[in-house]
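Written out below as structure tokens is the structure these notes cover.
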Amino acid sequence: MQSNAKVTDINKQRSACLIIAADEKNKLTASGTALDKALDGVISKLLKRGDLAKTLGSTLLLPQLNSSAERLLLVRAANGAQSQTQFRKLANASAKAIIGFKDATSYLGELTVVEVGDSWSAQQLTLAAGLASYKFTRCLKDAKAYPLTKFTVHAVDNKQLKAYKRGVELGTAQAFGSNVARELGNLPGNICTPDYLVAEARSLAKKHSNLHVTVLDNKKMEALRMGAFLSVAKGSEEAAALIAMEYKGGKSNQKPIVLVGKGITFDSGGISLKPGANMDEMKFDMCGAASVFGVMNALLELQPAINVVGLVAAAENMPSGRASKPGDVVTSMSGQTIEILNTDAEGRLVLCDALTYAAKFKPSVVIDIATLTGACVIALGSHATGLYANKDKLAAELIAAGESSGDRAWQMPLWDAYQSSLDSNFADMQNIGGREAGSVTAACFLSRFTKDYAWAHLDIAGSAWHSGANKGATGRPVPLLMEYILGRK
Ligand code: BES
Ligand code: MN
Ligand code: ZN
């Protein structure tokens, strides 16, 4: 889908659908009023009659009313200034309503929103339209993509246009990156294997000269003594890979942001086998890796003057005669030994070696993204990503990026008091804590491998995919990450 910002005249704008807002008192914004006037008040008549429901985000689609546009979509807004949450609701509701048309023009940017910058509304509208226009079709015989290919955000004047163009650019990048992540996340485990992810990285490098890809295979990981990572992979027939994608947009001496994604292409639990119900959803256990691919793809489109490294720890966690057993002790690349008490706590095992390896890139910050714990889902549900950081400034910046994009994270404690739950009689640490605070103790485990740099951990177990009737990857936290990366000074 292509998006842009433009100063338009609503009475002349050619479009498959115009989108305008009416508040609870049926008041229209400037363009809506101008259209209503040109149509002899037919819109206000319909509104007065009560055809548009009063609840925020309700929509009413009207057929051709004037000669330039084929349809008009009315959306219910709040009175006065919209809160960010209210505006997002409008943006999402209108986006869902237009995906069946080939293009649309939105006048929702004329609504006032509290406490946002000049480009925010355009960014949110573009992100919403881009996300709504995604559909998984790859494994279905007759499914077709949605028709929506062009989305225009109306700007009131040339000054707003400048800001809106920036907003559209960010929103486009966020939606594109999210949809890349969703597609990889949605692919089944028999297609999206570690090898498949390697091929994705290599094909990206082929298309872009400033992306450098290196792949560590089992042999190279053995040479680096990545005993924790390899202990996860060895139960599977699928070869593991640690993929490094280096985007070089900035000066060569500029320290990179390093992203590390958990890429378990299927998590059966291993010998500590998971129960059968909903086990299919463990194909989503590579959504952290998918978000890294999403960000790298979006950066390659935008070509910002920064350096970013995407690391993907790709492996499959399976039970077999060669698989790790509870009680096994392995040595990580850092030299610290780990007693594997539960083979289902495999994410931290692949990540700890990838995080040790990350230091090699002399990072300015390292952010890992992982569907790490069911406990995080219990703690925060699906609305917030769990955020941990060893630097308060980094935590604050990530929280702000989440707030602004609407892809929110909530900070959890990384207190020393939790560390002792990882004590083991047989190794430097065990790979699980007790029953309590499972998301925190998983983060504590990772913190033992990230002491040499500024680090944040995003537990996306609850936010990375939807279960139930709308089962599917969300693409989170790509919007948060893009906002953070592009907004960083
Ligand atoms: N991939 C899972 C975490 C997960 C579970 C994410 C359910 C989303 C939904 C992870 O590898 C895992 O199995 N974690 C265990 C850790 C436990 C053994 C300490 C868990 O959360 O149960
Ligand atoms: Mn697991
Ligand atoms: Zn897992």
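The values are calculated or read from the model by the stated rules, or taken from the named source; none is laboratory data. The shown structure was predicted, so the numbers you read here are calculated from the model rather than taken from an experiment. All Cβ positions, even for glycine, are placed from backbone atoms using ideal geometry, and neighbour counts span all protein chains on display. All accessible areas refer to the heavy atoms of the entire protein, side chains included, with ligands and DNA or RNA removed. Shrake-Rupley method; radii C 1.70, N 1.55, O 1.52, S 1.80 Å.
Between ALA409 and THR385, GLY402, GLU403, the built amide H atoms are under 5 Å apart, and every one of these is 5 or more places off in sequence or on another chain.
When Rg and the Kirkwood radius Rh are both evaluated on Cα atoms of region 133-178, their ratio Rg/Rh stands at 1.16. Once the Cα atoms are used to define both axes, helix 120-132 deviates from the longest principal axis of the chain by about 70 degrees. A Cβ-based charge dipole, computed about the Cα centre of the chain with Lys and Arg at +1 and Asp and Glu at -1, lands at about 1520 debye. DSSP beta bridges confined to the chain are antiparallel in about 40 percent of cases. Annotation: average projected area of the chain is 23.7 square nanometres, based on the convex hull of Cα atoms across all directions.
Taking the protein heavy atoms of the chain in the context of the full set of protein chains, the accessible area attributed to carbon and sulfur is 51 percent at 1.4 Å. Net charge dipole, region 1-114: roughly 180 debye, given to the nearest 20, about the Cα centre with Cβ charges of +1 for Lys and Arg and -1 for Asp and Glu. Extension gain, HIS466 to ASN253, is 72.6 nm, computed as 0.36 nm per intervening residue step minus the present C-alpha separation. Explain nothing, just compute: Karplus ³J(HN,Hα) = 6.51 cos²θ - 1.76 cosθ + 1.60, θ = phi - 60°, for every residue of region 446-461 in order, whole Hz, x for Gly and Pro. Couplings: 4, 4, 6, 10, 10, 6, 8, 8, 5, 9, 10, 10, 10, 8, 9, 4 Hz. Going down the table (LYS37/LYS159; LYS27/LYS48; LYS6/LYS162; LYS135/LYS207; LYS12/LYS159), which pairs top 18 Å between alpha carbons? Pairs exceeding the cut-off: LYS37/LYS159; LYS135/LYS207; LYS12/LYS159.
In the chain, taking the dipole from charged Cβ atoms about the Cα centre, the farthest positive-side position among CYS352, ALA427, ALA5 is held by ALA5.
Quick one: which of LYS234/LYS274; LYS206/LYS255; LYS54/LYS102 span more than 26 angstrom between C-alpha atoms?
Details: LYS234/LYS274 18 Å; LYS206/LYS255 24 Å; LYS54/LYS102 28 Å.
Those over the limit are LYS54/LYS102.
Counting only alpha carbon atoms, the long axis of helix 158-186 and the longest principal axis of the chain meet at about 40°. Taking the convex hull of the alpha carbon positions in region 267-397 and averaging its projected area over all directions gives 10.1 nm². Oblate is the label for region 328-387, because a/c, from the alpha-carbon gyration tensor with a ≥ b ≥ c as root eigenvalues, is 1.5 or above and a/b does not exceed b/c. Would you please state the base-10 log of I(q)/I(0) at q = 0.14, 0.16 1/Å for region 49-180, with intensities from the Debye formula using one equal scatterer on every alpha carbon? So the normalised log intensities work out to -0.66, -0.85. So what's the back-of-envelope 222 nm ellipticity for the chain, counting only DSSP H runs of four-plus at -39500 (n - 2.57) apiece and dividing by all residues, rounded to 500? Here the helix-only value at 222 nm equals -11000 deg cm²/dmol.
In region 171-240, the C-alpha radius of gyration followed by the widest Cα-Cα span (Dmax) gives 14.7, 42 angstrom.
Think of a 1.4 Å ball rolled over the protein heavy atoms: the chain then has 42 Å² of accessible area per residue.
The lysine pair count for region 327-472, using Cα distances under 21 Å and pairs eight or more places apart or on different chains, is 7. In the calculated pair-distance distribution of region 57-108, the portion above 12 angstrom amounts to 65 percent of the Cα-Cα pairs.
The long axis of helix 347-358 is offset from the longest Cα principal axis of the chain by roughly 90 degrees.
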